[in-house]
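Everything below concerns the one structure shown next.
The values are calculated or read from the model by the stated rules, or taken from the named source; none is laboratory data. Just so it is clear, the model here is predicted, and its values are computed rather than measured. Counting neighbours? That spans all protein chains shown, and the Cβs are built from the backbone with ideal geometry, glycine included.
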């Protein structure tokens with residue numbers, strides 16, 4: 001029996017455990033990436049481990065999230081990350097060099113390698129044939145120190161692509177179709193592997209768009225084969241020497257198979273407020289719009305920008321529409337400038353933003369009140385844009401550009417036959433905004449530059465045998481990390497300061513939560529299904545940790561957030577019977593006894609609701625390693641004990 005591509009790469013990197021579906025494995029990590037919103041905490045954690053130099057093949061620190069410097073905080077963080085990167089062997093991508101996933105695809109990604117990043121859209125690297133996984137900052141810190149990264153050996157879903165995309169239909173429409181079929185919960189515990197003759201019709205940037213938004217499926221990662229198209233992309237980036245041909249065996253066996261005929265794909269949109277709320281553009285109709293934003297790690301490649309420039313050339317943005325465009329990297333922006341396409345964008349009335357995440361994370365460009373905004377981004381969670389009642393639709397660059405001209409949602413197929421867009425035979429290569437680390441012999445003299453907003457990792461303590469406290473908050477299904485720890489220009493600068501950022505924890509759901517949780521001293525949060533979907537931000541675990549949250553009890557967890565809770569030493573519990581969710585109300589007094597023995601022996605944990613007299617059986621599905629992490633009080637304590 002042959003192997004899938006996922007199995008080939010994972011099996012070659014296993015250092016702990018066995019290649020058995022559903023069992024825990026530890027894999028060797030070849031590369032890591034961080035970004036500035038999560039990076040400061042990751043490097044503080046790396047420092048706390050006491051390891052002088054990273055032990056990966058390549059680690060890169062990117063500055064792309066907190067680039068709006070309205071105070072000293074972001075600038076101080078950038079300076080700190082730059083200095084710690086120089087000292088500890090990390091390459092430093094300076095502000096202005098571009099979005100981490102776009103730059104990593106261009107300059108550092110290698111087929112067949114493993115990559116984890118402290119950003120949930122790290123699976124973008126799957127477009128090159130990498131196993132690229134989003135993770136919490138502490139997991140990335142451990143990997144930088146040479147430790148294994150642990151996951152559950154995934155199920156593998158084959159998405160068999162046939163046919164070819166029609167004019168003005170795009171890779172974005174492909175991943176929206178996958179989301180429509182599988183939903184935001186459909187990829188949990190799975191890797192999405194793209195196969196079939198249709199793969200050959202997609203460029204590397206198009207593949208990367210698809211793997212990027214695989215994060216919205218809840219998938220561990222997504223991956224394409226590494227073929228001649230991959231080789232041509234790497235050759236154009238003057239990195240042909242890193243190319244390897246990689247694909248699944250013809251007789252590989254998959255857990256599920258999804259058939260998609262690319263010829264049948266049509267322009268679509270993810271409607272408010274979920275990436276899987278998919279309708280076709282024709283189904284929605286000519287809806288009046290207020291804003292268009294083009295960019296993000298999903299759709300900011302040179303190929304995307306050239307299509308947008310072609311659509312806008314010689315025309316003017318509709319007077320009722322604000323159009324902003326953020327090229328994904330310095331390389332993309334430079335090439336647009338040199339070929340004249342940037343002039344076409346400016347002439348049309350587009351507002352050119354810097355090569356950074358920007359509005360995708362609520363960092364500027366918030367729409368007007370109740371404004372309808374078309375965005376080429378990957379998430380449209382309520383309030384993420386910075387406007388509470390903003391109506392965010394996720395669309396392709398083609399839909400976004402033509403709609404910016406008409407003032408209404410418009411099917412780009414009205415433009416007729418699409419001209420052929422091809423990637424250049426050579427990209428402009430100028431890595432002068434990537435600072436290499438100091439030689440190891442000079443690292444001792446490098447000073448770490450710390451600003452006053454940078455606070456230490458919050459203190460943790462070993463698991464208590466008994467927890468008696470109140471339910472400080474009860475929430476419903478599909479709670480995102482944006483609900484738990486909001487993004488945006490006001491809050492993101494506090495990412496290095498857990499006490500300060502904790503004051504915003506869950507305020508989207510309940511403005512009184514931070515004060516209530518802190519006054520209680522310790523508490524338990526209760527939630528519904530798919531709790532913690534979205535970003536990899538470990539702050540969604542560290543802020544509750546600071547506020548005294550001892551356990552989170554839900555119907556089901558999103559993968560990364562559950563791992564982050566364990567890393568923070570917070571007990572992740574699931575209802576044995578989902579109907580028991582109704583048996584706890586916010587404010588109820590709860591009690592858990594014999595915790596240490598229950599965790600060690602893998603027994604069900606019973607929560608006693610003192611207020612109602614109910615007893616609620618819960619599961620705490622932990623492996624030998626994660627049991628030890630919880631018992632130690634978190635991954636940092638565990639790592640120090642076992643380093």
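Points worth noting:
- Failed item, numbered, when residue 628 is tested on (1) without any contact (Cβ under 8 Å) to a residue 40 or more places away in the chain; (2) not in a helix (DSSP H, G or I): (2)
- Filtering 491, 454, 448 for residues that are more than 28 Å from residue 639 (Cβ to Cβ) and either surrounded by 14 or more Cβ atoms within 10 Å (Cβ to Cβ) or not assigned by TED's automatic domain parsing to the domain that holds residue 537 (or both) leaves a single hit, 491.
- Within region 156-171, one or more residues are in contact with a helix residue (DSSP H, G or I) (Cβ under 9 Å, 6 or more places away or on another chain), part of a strand (DSSP E or B) and over 28 Å from residue 420 (Cα atoms).
- Scan of region 155-168 for residues that are farther than 14 Å from residue 221 by Cα and buried (at least 24 other Cβ atoms within 10 Å of the Cβ), ordered by number: 161
- Residue within region 259-266 that is within 26 Å of residue 412 (Cα to Cα), under 25 Å from the mean Cα position of the chain (by Cα) and assigned to a loop (DSSP other than H, G, I, E, B) present: no
- Of the residues examined, residue 413 is one that is buried (at least 18 other Cβ atoms within 10 Å of the Cβ) and at pLDDT 95 or above.
- Only one entry in 634, 613, 602 is on the phi > 0 side of the Ramachandran plot and touching a residue at least 60 places away in the same chain (Cβ under 8 Å), namely 634.
- Of residues in region 358-380 being surrounded by fewer than 24 Cβ atoms within 10 Å (Cβ to Cβ) and in contact with a helix residue (DSSP H, G or I) (Cβ under 6 Å, 6 or more places away or on another chain), the one nearest to residue 174 (Cα to Cα): 365
- Residue within region 57-80 that is within 29 Å of residue 129 (Cβ to Cβ), at pLDDT 95 or above, more than 20 Å from the chain's Cα centre (by Cα) and crowded, with 20+ Cβ neighbours inside 10 Å present: no
- Residue in region 194-201 that is buried (at least 24 other Cβ atoms within 10 Å of the Cβ) and closer than 29 Å to residue 273 by Cβ present: yes
- Matching option when the condition is over 18 Å from residue 456 (Cα atoms), modelled with pLDDT of 95 or more and surrounded by fewer than 18 Cβ atoms within 10 Å (Cβ to Cβ), among 512, 523: 512
- The helices (runs of 4 or more DSSP H) falling completely within region 463-526 that include 2 or more residues that are more than 19 Å from the chain's Cα centre (by Cα) and touching a residue at least 24 places away in the same chain (Cβ under 8 Å) map to 498-501, 513-520.
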